[in-house]
Amino acid sequence: MKDLVVLGGSSHPQLTKAICSILNINESEMSLNKFSNGETSVTIKDSVRDKDVYVIQSGCGNVNDNLMELLIAVSALKTASASKVTAVLPLFPYSRQPDAPYRKTNTGYRQWVAQAGTLVADLLACAGTDHIITMDLHDPQFQGFFDIPVDNLYGKPLIQRYITSSVANYQDAVIVSPDAGGAKRASVIADALGMDFALIHKERKSTKVPGKAAPLMLVGSVHDRVALMIDDLIDTSATVTRAARLLKLNGATKVYCLATHGVFSGDAIDRVLQSDIDKVIVTNSVPQQDTKVRLGDRLEVVDISPIFAEAIRRIHNGESVSMLFDFSSM
Amino acid sequence: MRKSKVFIGSSNPELGRLVCDRLGVEPAPCTLTKFSNGETSVSIGVSVRDEDTYVIQSGSSIVNDNIMELLILVSALRGGSAKRITAILPYFPYSKQSKMKKHRGAIVAKMVSNLMVMAGVDHVITVDLHSSQMQGFFHVPVDNLYSAPLLARWIRHNVEDWQNAVVVSKNPGGTKRVTGLADMLKIDFAMINTDKRRKPYRPSRPTYSRSSSMAPQEDNSAFAITESEFITARIVQGRVVEEDYSEETGNDSGQMSESIISIMSATEHALGGTVDAEVNSSDDEEYPIEAVKEPADIERIGREAAIKSNPTDKTITLVGNVRDRTAIIVDDILDRPDSFINAAEHCRFFGGAKHVVIVATHGVLSADSLNSLENEPCIDRVVVTNTFPIDASKRTKSKKLVVIDMSSLLAECIRRNHYGESIASLFDKAFLE
C-alpha cells in the first residue's frame with residue numbers, strides 16, 4: 001500500500017510481524033536502544049516524510065519503558081515530517097484508573113490518587129500522536145479523555161467466535177461475569193448468542209476484615225452446566241480464580257475464563273495453575289509465549305492481528321472502521 | 001515555610017531528605033508504588049489545596065520509571081488543586097538528547113519538557129543543564145542553577161597549590177563551562193580535542209615517549225611549551241600512545257584483552273562524551289544498532305562492534321600548558337569513563353601534569369564506570385555532586401570518589417522561590433563562601 005509505514009516497538013515484535021505479513025508490506029526499521037544510563041534511544045531507519053505511519057506498542061512488560069519508547073518514537077516520527085502518526089496500543093497502559101480520585105486511609109483522610117489514564121492520554125497527544133487504535137478499553141469513557149480520535153476495537157467478536165466454534169453445546173452453557181462492573185460486557189455476549197447469564201457479586205456490606213477479601217455471591221444458576229467467565233483483562237487473576245472456586249462449589253461442570261487481555265502479572269500463572277479454571281482463553285494483545293509454556297493446554301490464544309491489520313488498512317484507505325465492530329463481518 | 005509542601009520522588013531520596021532538612025520541613029507524605037503489572041501508582045497523603053508544592057525528582061538507572069512517576073505525581077497535585085507546582089530536577093533526564101541527529105532522531109529533551117508542562121508543572125528548577133539553550137524548550141520559567149561556586153569552593157579547599165592548577169576541558173564543546181570555573185578561581189585553563197582525522201598538526205614536531213614524559217627532560221619540555229602549545233598523541237584501542245606508535249604491536253592479543261573495556265565503549269562515545277548543541281555532531285553518531293534491553297547486551301554489542309570496526313584510532317591534542325601542575329578535568333556529566341581516562345592519560349604522559357583530578361556535576365557513572373576510573377593510575381580524584389544518586393556501596397568501595405552536597409543550593413533556591421526573592425545571587429561566586 002502506498003505511503004503506509006508500519007513500525008513496531010520492543011514490547012510485542014511478533015504482533016508487528018503478523019500484522020505486516022497480513023498487510024503484505026515490509027516492517028520498517030527502527031532501532032530501539034537503551035543507553036547504559038537507562039535512557040531510551042530511538043532512531044527511524046527509513047524515510048517517513050509525508051507517510052502515514054503506524055507504531056505498534058502494547059502496554060505490557062516494563063510498562064513505563066515501553067510507554068517512553070512509544071512517546072519518543074512518535075516524537076521522532078513527527079520530527080521526521082511524517083504526515084500522520086497513529087499509535088496502535090492493543091493493550092492501553094494505565095487504562096484502569098480508579099473511579100474516584102481518592103482513597104480512604106486509616107486516619108480518615110482521603111488520599112488523592114493520580115488519574116494516570118487521563119495523563120497518558122494527554123502524553124500521547126502531547127508527543128504528537130494524531131490517532132490511536134486500541135482494543136477493549138477498560139472504561140468506554142476513556143475515549144473522552146483524548147483530544148484526538150480513538151478507535152476502540154472490540155475483542156468481543158473473537159470471543160463469540162471462540163464460544164460458538166470451540167465450546168461443545170454452547171447453548172446450554174452459562175455466561176458469567178466475575179464482577180458487577182463487567183456485567184454489561186458479559187450480558188451483551190449472552191444476548192448475542194442467546195445464552196443464560198449469571199453474575200458474581202462482591203459482598204461489600206459486611207465490615208471488611210483487613211487482609212481478607214470480601215465474600216462472593218453468585219446470582220443465577222450454573223448447576224450441572226458449563227460456566228464461561230467473561231472479563232476484559234486478567235491481571236493478578238485473583239478475581240477470576242476466586243470466582244472459579246465459587247462456580248465449582250455451585251456445581252458448574254467446567255469453568256472457562258475468556259478475556260481480551262491476559263497480562264498475568266505477579267504470581268498470576270501459579271494462581272491459575274492451582275485454580276478450578278479448566279481453560280483460559282486470551283488474545284495476543286500482549287505476548288503470550290511465556291504464559292503458553294507455563295499453562296500448556298489450559299491456555300488458548302486467539303490471534304488479533306487480522307483485526308488490527310484490517311483496521312490499519314481501512315484507516316489508511318479512509319474506509320469505515322465500524323464494520324469491524326460488528327459480529328457479522330467476522 | 002507556610003502553605004508549602006515538598007514531595008520527594010523515589011529517584012534520589014537522599015538528596016530530597018537533605019534539602020528538607022535544610023529547609024526545616026518534613027517531606028510531605030505520599031505513597032509511590034508500582035502495581036504488579038508494572039504501572040506506577042501515586043497517592044498523596046496530605047491536602048495540597050492552594051499550596052505551593054515542590055517535587056524533587058532526579059534521574060537514576062531506571063530513568064523512564066522516574067519520569068513517569070514525576071508526571072503522575074505532578075498530575076495528582078494538579079488534581080488536588082495545588083496552587084503552584086515546581087519540579088526540581090537536579091539532573092535533567094534525557095538532556096543529552098537535546099538536538100536532532102542526522103537521521104530521524106527525536107529531540108527527546110524537548111518532548112520531556114512538553115510532557116512535564118502538559119502534566120501541570122508551573123516552574124522548573126535544575127542544575128547545570130547540559131545545554132543551557134534547553135531552557136527555551138519550556139513554556140514555563142526555568143531556573144538553571146550553577147554548581148560552579150560549590151565546585152570552586154571544593155577545589156580551593158582540597159586541591160594542593162590550586163592557584164597553579166589548570167582547568168582542562170576534555171572536549172571543545174565544554175570549553176565554555178570550563179572557562180567559567182577558571183575565571184571564578186582565577187586560574188589558567190587548557191583544552192583537549194579528540195579528532196578522528198589523522199592529521200598531523202605540524203610537519204616537524206617534538207615527540208614524546210611515554211617513558212620520557214614520566215620523567216621529562218628539561219630541554220624537551222621547554223621546547224614544547226615555547227615552540228607550540230599543541231601536544232598531540234594518538235588513541236589506539238582506547239589507550240593514549242605516542243604519534244609514531246606502530247599498529248602491529250598494538251594489535252597483539254595481550255593488548256586487546258587488557259584494554260577491552262576501553263575499546264567497547266569507544267563506539268558509544270555519545271554516552272560518555274559531552275558535546276554542545278552547536279558543536280559538530282560527529283561524536284554522536286555511534287549507537288549500538290541492535291534492539292537491546294539488558295545492560296549486559298549493550299556491553300556485548302558495543303564490544304563486538306568495536307572489535308569489528310576498530311574505530312579507535314584518533315588524534316588527541318592538548319592545547320595549553322599543564323606541565324608540573326595539577327590538571328582539573330571538568331565536564332558537566334560523568335557517565336562513560338573512556339574520554340576522561342584518555343584525557344587524563346594525555347595530560348599525565350604527554351602534558352606532564354603532576355596530578356589529575358576529574359570534576360563533574362552529574363555523576364551518572366553507569367555500568368562499572370567508577371571501577372574503570374578507580375583502576376586508572378593517572379587519575380587521582382573523582383569529584384561529583386549528589387544531583388544524581390550514587391549507591392552507598394559504590395561510595396564506600398571507591399577511594400577516589402568525592403561527592404559534594406548540593407542540597408544547600410537547592411534548598412536556598414526553593415526558599416527564595418517560595419518567598420518571591422531573587423535567586424540571582426545563587427549564581428554569584430560569593431555565594432556560600
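The values are calculated or read from the model by the stated rules, or taken from the named source; none is laboratory data. Nothing here was measured: the structure is a model prediction, and the numbers come from that model. Virtual Cβ from ideal backbone geometry, glycine too; neighbours counted across all protein chains shown. Note: areas computed on protein heavy atoms with side chains; ligands, DNA, RNA excluded. Shrake-Rupley method; radii C 1.70, N 1.55, O 1.52, S 1.80 Å.
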Express in Å², to the nearest 10, the accessible area of B:Lys186 obtained by rolling a 1.4 Å probe over the protein heavy atoms while all chains stay in place. 150 Å²
Rounded to the nearest 5, what % of the DSSP beta bridges within region A:156-302 are antiparallel ones? 15 percent
Keeping all protein chains in place, calculate the accessible area per residue for region B:4-145 (probe 1.4 angstrom), answer in Å². 31 Å²
Taking a 1.4 Å probe, which of A:Ser166, A:Ser21 shows the most accessible area, and what order do the others take after it? A:Ser21, A:Ser166
Angle check, please: helix A:183-193 long axis (alpha carbons) against the longest principal axis of chain A (alpha carbons), in degrees 0 to 90, nearest 10. 90 degrees
With no solvent and one equal point scatterer per Cα, compute the Debye intensity ratio I(q)/I(0) for chain A at 0.15, 0.16 Å⁻¹ and report its log10, rounded to two decimals. -1.27, -1.39
Using only Cα atoms, find the angle between the long axis of helix A:13-23 and the longest principal axis of chain A, and express it within 0 to 90 degrees, rounded to the nearest 10. 70 degrees
Kirkwood-Stokes translational diffusion coefficient of region B:54-113, alpha-carbon pairs, 20 °C, 1.002 mPa s, µm²/s: 169 µm²/s
Report the accessible surface area buried between chains B and A, summing both sides, using a 1.4 Å probe on protein heavy atoms only, in Å² rounded to the nearest 100. 4600 Å²
Return one quarter of the surface area of the convex hull spanned by the alpha-carbon atoms of region A:156-302, equal to its mean projected area, in nm². 8.5 nm²
Please express the shape of region B:52-160 as an equivalent ellipsoid: the semi-axes are the square roots of 5 times the eigenvalues of the C-alpha gyration tensor, given largest first in whole angstrom. 25, 20, 13
For B:Asp324, tell me the accessible area in Å² from a 1.4 Å probe, rounded to the nearest 10. 100 Å²
Report the GluC sites (Glu not before Pro) located in region A:1-97 that are in a DSSP loop and have at most 16 other Cβ atoms inside 10 Å of their Cβ, or state none. A:Glu29
Dividing the surface of the Cα convex hull of region A:269-330 by four yields a projected area in nm² of 5.4 nm²
May I ask for the angle, rounded to the nearest 10°, between helix A:238-249 and the longest principal axis of chain A, with both axes built from Cα atoms and the value confined to 0 to 90°? 30 degrees
Give me the count of lysine pairs in region B:4-145 whose alpha carbons sit under 30 angstrom apart, restricted to pairs 8 or more positions apart or on different chains. 11
